[in-house]
Every structure is written in structure tokens, then in C-alpha cells.
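The values are calculated or read from the model by the stated rules, or taken from the named source; none is laboratory data. All of these numbers come straight from a predicted model, not from anything done at the bench. Every residue, glycine as well, gets a Cβ built from its backbone with ideal geometry; the counts of neighbours run over all protein chains shown. The accessibility values were calculated without ligands, DNA or RNA, using every heavy atom of the protein model including side chains. Shrake-Rupley method; radii C 1.70, N 1.55, O 1.52, S 1.80 Å.
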Amino acid sequence: MNHQISTSRIQQDMELFEQFTSTPGQGITRLPFTVDVRGCVTKLTERMKSAGLAVYEDAAGNLVGRKAGVYPDAPALIIGSHIDSVKSGGNFDGMAGIIVGLEVVRMLRDAGITLNHPIEVMATHDEEGMRFGTGFFGTKAMMGEVDEEYLHRYKDADGVSIYDAMICYGLDPHRIKEAARDYEREIAAFFEVHIEQGPVLENTNTQLGLVDCIVGMQRYMITVTGRPDHAGTTPMDMRVDAMDCASQVIAQVSKLAVEASSDSTVATVGFAKVEPCAMNIVPQEVTFSLDVRSKKQQDIDDIVAKVREELTRICGEKGATFTVDEKLNTAPAHLDEKLLKQLYQSCEKLGFSHRRMCSGAGHDALQTAPKIDTVMVFVPSKEGRSHCPVEWTEYSDLANAAMVLADTLITNYSKGGQ
Ligand code: GLV
Ligand code: MN
Ligand code: MN
């Protein structure tokens with residue numbers, strides 16, 4: 001390649017977007033449909049335009065920057081990742097993949113290369129599910145899987161629905177179906193570059209991960225309801241303690257994952273809320289989350305079934321009741337072998353060490369893979385840390401991913417290529 005991917009341009013952009021957080025100094029908190037995402041989208045629109053892209057925001061709040069190809073009606077090649085974050089997360093999760101996409105487009109422009117296909121850089125909205133407990137909102141909407149009923153069904157901790165949050169953000173929820181793409185005609189491939197968020201690449205001294213599968217995921221919000229009573233005067237056999245019931249179920253969750261058949265199986269209770277949450281009142285209500293993931297669908301189904309069984313048994317014994325609200329249910333995905341081969345060949349050609357790996361984290365690619373040719377490239381995460389403020393990836397590692405992606409696009413999707 002005559003023209004170069006620029007590590008310093010990548011660094012400048014990564015540092016530029018660090019300002020869009022509601023928790024400055026305490027990591028990135030950029031929850032969907034907030035002023036923080038809006039600020040980020042506005043700045044990213046500028047950066048996309050100055051890279052020569054035509055920019056639009058779709059009906060779900062995904063931002064798309066597009067450049068025509070030699071054949072304008074050919075299906076697009078998309079490089080995408082998410083613009084939102086978890087609470088007090090890092091600056092690289094999601095944003096790194098968007099900036100790498102932008103740098104690839106700048107490099108192609110500088111080199112005077114027009115791909116045969118249109119190319120799109122896509123910043124997806126609400127991948128993390130941090131606010132509404134769901135996840136992959138932007139890509140689900142793009143795949144036509146979100147309707148108005150969905151927008152009303154899911155609410156944040158303050159009772160605000162996605163529907164109402166969209167209105168506050170300046171989107172028209174009635175138009176949500178317009179975000180759906182005719183993907184068979186319009187999209188040729190989806191590429192996502194992402195930080196690994198785990199320790200494997202660093203520990204094995206490997207520069208790039210070629211991701212061949214992504215775990216399936218199920219997410220639930222479970223509420224156990226007992227009865228509020230005086231903590232001092234109510235005898236132990238006369239109380240209906242929601243915490244007693246919930247904690248007995250929660251205590252089994254890790255054990256169920258450890259005993260599952262696949263070592264990719266994990267289960268987490270990351271959120272819990274007690275009502276009325278006072279030292280001297282028997283808890284009336286405990287709400288907790290359940291997030292179960294595995295390469296093996298059967299393991300996920302078995303753990304969820306066992307948790308339901310235990311809830312029925314324990315609550316039944318104590319006279320409590322419970323509800324289980326499903327937030328997400330996505331099968332494991334296998335990524336595209338043809339694209340994996342193209343990336344493998346680029347790694348070999350450019351001399352980058354690489355390994356195939358499965359992702360334990362969820363990604364937008366999980367949603368696109370069943371219907372669009374999809375692949376992911378991982379870059380090393382320092383000490384494997386992610387979803388926390390210390391999350392770090394060397395900018396030069398992001399540049400390596402950009403070089404490989406650019407080479408794959410030029411070799412396989414331009415006239416001067418194969
Ligand atoms: C998103 O990062 C997830 O894996 O939960
Ligand atoms: Mn994340
Ligand atoms: Mn992510």
C-alpha cells in the first residue's frame with residue numbers, strides 16, 4: 001500500500017470522543033438517547049463529512065457515513081460498531097471500531113481508491129443494553145426486528161420507555177420500521193473491529209484476533225415479591241422475605257455456569273435492587289438481572305430452565321411470588337468463512353500474527369451474522385480489562401486492524417485488486 005493508515009489520526013479521534021461522557025474522570029458513561037450520545041453523533045458527523053462521506057441518521061439513531069462505489073447499485077460494505085457505552089466503561093469499547101472504519105475510508109480516499117461497492121461507516125445505537133436492559137437496538141432495527149410494540153415494552157430504571165426516550169432524543173418512534181434495511185439487496189458484508197475485552201491476545205503475544213463465533217445470550221429481569229414487615233418483631237417462620245428467596249436463587253447461578261458442559265458458558269447477576277431497602281424492614285421486593293451466555297445453546301437453555309425451577313420451588317416454599325421478564329434472547333453465531341479467509345490472507349501478507357477465536361462478549365455482529373456475511377477483528381486489550389475506566393488498547397494496535405481491513409477491501413473489492 002502506498003498510502004498509509006495513520007496511527008496519529010486514530011489517536012486524535014479516539015481522544016476527541018472521550019469528552020462525550022456524563023461521568024468525566026470516572027470513565028465513559030454514554031447511555032442511549034442522551035445528550036452525551038447526541039454530542040458524540042454531532043461531532044462524528046463532522047468527522048465523517050470531512051472524510052468525504054455523505055452522512056445520515058436512520059430512524060433508530062444509527063449514524064451512517066456512506067461513500068459511493070464504482071458500481072453505485074452494488075450492495076454496501078459496512079464497517080460498524082457502537083457509539084453507546086456501559087456505566088463508567090472505557091473509551092475503546094465500540095468507539096474503536098467506528099474510528100478504525102473512518103481511518104480506512106480516509107486511507108482509501110488519500111490513495112485515490114474507489115471500491116467496487118459503496119462503503120459505509122456505521123455508528124450503531126444502544127448496543128450495550130445498559131439503559132433498557134435489552135441490547136443491540138440499532139442493529140436489530142436495521143435488521144427489521146424492532147416495531148413500535150418493542151419501543152413501548154422496554155423501560156429504563158425511571159420508567160421511561162424507549163418510545164419516549166426516542167422522542168426526547170429527537171427521533172420519531174412511529175418511523176422505526178424505516179430503519180430496516182433491505183439487507184439482501186443493499187448489504188454485501190458487515191465488518192466489525194473491536195477490542196478483545198479479554199486477556200488472550202495479550203497473553204499469547206498475538207496482534208489480531210479473527211473472530212469466528214460469538215456466544216449466544218439471554219437476559220432477564222427477575223422480580224421476587226414478598227411482604228414488608230417489621231424486621232424485629234416478625235418471627236422467622238411468619239415472614240415472606242423477598243431477599244431470602246432471591247438470594248437462594250442467586251447463590252446457584254455461578255455454580256450452574258461452572259457445572260455446564262461448555263467452558264464458554266457464563267452466567268452473571270450484575271444488577272440487584274431491594275425495596276424498600278431499609279435495615280429494619282423485611283424486604284418486600286428484590287429485582288435482579290440474569291445474563292447467561294455460551295457457545296452452546298443447550299447450556300443457556302438449561303441454566304435458564306433451572307433458575308425458573310428454583311424460583312418456583314423456593315418462592316413456593318416461602319409464599320413469595322415472582323415474575324421473569326425476558327429482555328434479550330439471541331442464539332450463538334458463526335461468522336463468515338469467506339471473509340475470515342480474506343482477513344487471514346491480509347494478515348499473512350502484512351506479517352501480523354493472528355489467531356482465530358470466539359467472542360464471549362456480545363457485539364452488533366451477533367445480530368447481523370445470521371442474515372448478512374459478517375466478520376470481526378479483535379485487537380488486544382491491556383490486561384484483558386474492559387467495561388471499566390482502565391480499559392486500554394494501544395493506538396498502534398488499532399492501526400494494525402485498520403491496515404488489515406483496508407488490505408482486505410482493496411484486494412477483494414476493488415478493480416485494482418484480484
Ligand atoms: C456488551 O459488551 C456485552 O457483551 O454485554
Ligand atoms: Mn461493551
Ligand atoms: Mn462493545
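Gly69 - would you say it is assigned to a loop (DSSP other than H, G, I, E, B) and without any contact (Cβ under 8 Å) to a residue 40 or more places away in the chain?
Details: assigned to a loop (DSSP other than H, G, I, E, B): yes; without any contact (Cβ under 8 Å) to a residue 40 or more places away in the chain: no.
No.
Given the options Gly94, Gly133, Gly89, name the one that is closer than 19 Å to Gly362 by Cβ, within 16 Å of ligand 2 (Cβ to nearest atom) and in contact with a Lys or Arg (Cβ under 6 Å, 6 or more places away or on another chain).
Gly133
Would segment 10-33 turn up any residue that is more than 16 Å from ligand 1 (Cβ to nearest atom) and under 16 Å from the mean Cα position of the chain (by Cα)?
Within segment 10-33, one or more residues are more than 16 Å from ligand 1 (Cβ to nearest atom) and under 16 Å from the mean Cα position of the chain (by Cα).
Pick from segment 10-27 the residues that are open to solvent by less than 10 Å² (accessible area, probe 1.4 Å) and hydrophobic (A, V, I, L, M, F, W, C): which of them is nearest to Gly129 (Cα to Cα)?
Taking the candidates together, the pick is Phe17.
Would you check if there is a residue in segment 138-160 being at pLDDT 95 or above, more than 16 Å from ligand 1 (Cβ to nearest atom), more than 24 Å from Lys273 (Cα to Cα) and more than 21 Å from the chain's Cα centre (by Cα)?
yes
Filter segment 102-134 down to the residues that are out of contact with any Ser or Thr (no Cβ under 6 Å at 6 or more places or on another chain), within 16 Å of ligand 1 (Cβ to nearest atom) and part of a strand (DSSP E or B) and list them by number.
Ala123, the sole residue that qualifies.
Sort through Val211, Val224 and tell me the only one that's closer than 22 Å to Asn280 by Cβ, touching a residue at least 12 places away in the same chain (Cβ under 8 Å) and surrounded by 16 or more Cβ atoms within 10 Å (Cβ to Cβ).
Answer to the selection: Val224.
Can you find, within segment 91-134, the residue that is least open to solvent (accessible area, probe 1.4 Å) among those that are among the small types (Gly, Ala, Ser) and over 13 Å from the mean Cα position of the chain (by Cα)?
Of all residues in segment 91-134, those among the small types (Gly, Ala, Ser) come to 94, 96-97, 101, 111-112, 123, 129, 133.
Those left that are additionally over 13 Å from the mean Cα position of the chain (by Cα): 101, 111-112.
Working: Gly101: 0, Ala111: 32, Gly112: 65 Å².
Of everything passing the filter in segment 91-134, Gly101 is least open to solvent (accessible area, probe 1.4 Å).
Name the residues in segment 287-308 that are open to solvent by 10 Å² or more (accessible area, probe 1.4 Å) and outside any helix (DSSP H, G or I), would you?
Thr287, Ser289, Asp291, Arg293, Lys295, Lys296
Please verify whether Glu178 is open to solvent by 20 Å² or more (accessible area, probe 1.4 Å), of a type in the set (D, E, K, R), modelled with pLDDT of 95 or more and farther than 19 Å from Tyr56 by Cα, treating the condition exactly as stated.
No; evaluated as a whole, the condition is false for this residue.
Against the condition over 22 Å from the mean Cα position of the chain (by Cα) and either open to solvent by 10 Å² or more (accessible area, probe 1.4 Å) or more than 19 Å from Asn205 (Cα to Cα) (or both), how does Asp364 come out, does it pass?
no
For segment 251-263, indicate whether the set of residues that are β-branched (Val, Ile, Thr) and open to solvent by 40 Å² or more (accessible area, probe 1.4 Å) is non-empty.
yes
Looking at segment 324-341, can you tell me whether even one residue there is touching a Ser or Thr at 6+ places or on another chain (Cβ under 8 Å), open to solvent by 20 Å² or more (accessible area, probe 1.4 Å), aliphatic (A, V, I, L, M) and within 16 Å of ligand 1 (Cβ to nearest atom)?
Within segment 324-341, none of the residues are touching a Ser or Thr at 6+ places or on another chain (Cβ under 8 Å), open to solvent by 20 Å² or more (accessible area, probe 1.4 Å), aliphatic (A, V, I, L, M) and within 16 Å of ligand 1 (Cβ to nearest atom).
Just to be sure I understand the filter: pairs with C-beta atoms under 8 Å, separated by 6 or more residues or on different chains, first member in segment 237-258 and of a type in the set (Gly, Ala, Ser), second member part of a helix (DSSP H, G or I). Which pairs pass?
Ala257/Ile303
Can you pull out the residues in segment 344-361 that are open to solvent by less than 10 Å² (accessible area, probe 1.4 Å) and within 16 Å of ligand 3 (Cβ to nearest atom)?
Of everything in segment 344-361, just one residue is open to solvent by less than 10 Å² (accessible area, probe 1.4 Å) and within 16 Å of ligand 3 (Cβ to nearest atom), namely Ser359.
At least 1 residues that are of a type in the set (Val, Ile, Thr) and closer than 29 Å to Gly270 by Cα in each: list the helices (runs of 4 or more DSSP H) lying fully within segment 309-418 that qualify.
Working: elements: 337-350, 364-368, 395-413.
In segment 309-418, 364-368 are the helices (runs of 4 or more DSSP H) which contain 1 or more residues that are of a type in the set (Val, Ile, Thr) and closer than 29 Å to Gly270 by Cα.
Is it the case, given these coordinates, that Ile78 is of a type outside the set (Lys, Arg), assigned to a strand (DSSP E or B) and more than 16 Å from ligand 2 (Cβ to nearest atom)? Step through it out loud before you land on a result.
Working: of a type outside the set (Lys, Arg): yes; assigned to a strand (DSSP E or B): yes; more than 16 Å from ligand 2 (Cβ to nearest atom): yes.
Judged against the criteria, Ile78 is a match.
Any residue at all in segment 153-162 that is more than 19 Å from Thr368 (Cβ to Cβ) and touching a Ser or Thr at 6+ places or on another chain (Cβ under 7 Å)? Reasoning before the result, please.
As a first pass, look at segment 153-162 and keep what is more than 19 Å from Thr368 (Cβ to Cβ): 153-162.
If we keep only those that are touching a Ser or Thr at 6+ places or on another chain (Cβ under 7 Å) as well, we get 154-155.
The answer is yes; a qualifying residue exists.
In segment 271-286, is there at least one residue being under 30 Å from Ala401 (Cβ atoms), outside any loop (DSSP other than H, G, I, E, B) and not hydrophobic (A, V, I, L, M, F, W, C)?
No, segment 271-286 has no match at all.
Out of segment 380-395, which residues are out of contact with any strand residue (DSSP E or B) (no Cβ under 6 Å at 6 or more places or on another chain) and either open to solvent by less than 60 Å² (accessible area, probe 1.4 Å) or closer than 30 Å to Tyr183 by Cβ (or both)?
Step one: of segment 380-395, the residues out of contact with any strand residue (DSSP E or B) (no Cβ under 6 Å at 6 or more places or on another chain) are 380, 382-386, 388-392, 394-395.
Scanning segment 380-395 gives Pro380, Gly384, Ser386, Cys388, Glu391, Tyr395.
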